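Written below as structure tokens is the structure these notes are about.
Nothing in this text is a laboratory measurement; each read-out follows from the coordinates by a stated rule. For clarity, every value in this text was computed on a predicted model and none was experimentally measured. Cβ atoms come from the backbone with ideal geometry, glycine included; neighbour counts cover every protein chain shown.
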């Protein structure tokens, strides 16, 4: 599936790799948040704090993933 940009341009291989890279970076934070929430549940923390940790993980994941994509576009992307 090709993604169209603002000018009607199709995404090339580099765009797909940068998107995948940003998603992997962002999703690692979701995993860390889930582990933190599980540890909090094991220590019987209040539900309010567990839910806030999960919500914070999703928000930070989106911010970090988008930031990683922007840096990859601005400073160049070199796949490993």
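Laid out as a table, the results:
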read-out	value
Degrees separating the helix 13-42 axis from the principal Cα axis of the chain, which is the longest one	0
log₁₀ of I(q)/I(0) at q = 0.11, 0.15, 0.22 Å⁻¹ - the chain, Debye sum with one point per alpha carbon	-0.41, -0.63, -0.94
Packing-based order for 16-27, 66-77, using average beta carbon neighbours within 10 Å, highest first	16-27, 66-77
Value at 222 nm in deg cm²/dmol, rounded to 500, when DSSP H runs of n ≥ 4 in the chain each add -39,500 (n - 2.57)	-26500 deg cm²/dmol
C-alpha long axis of helix 47-75 to longest principal axis of the chain, angle in °	20
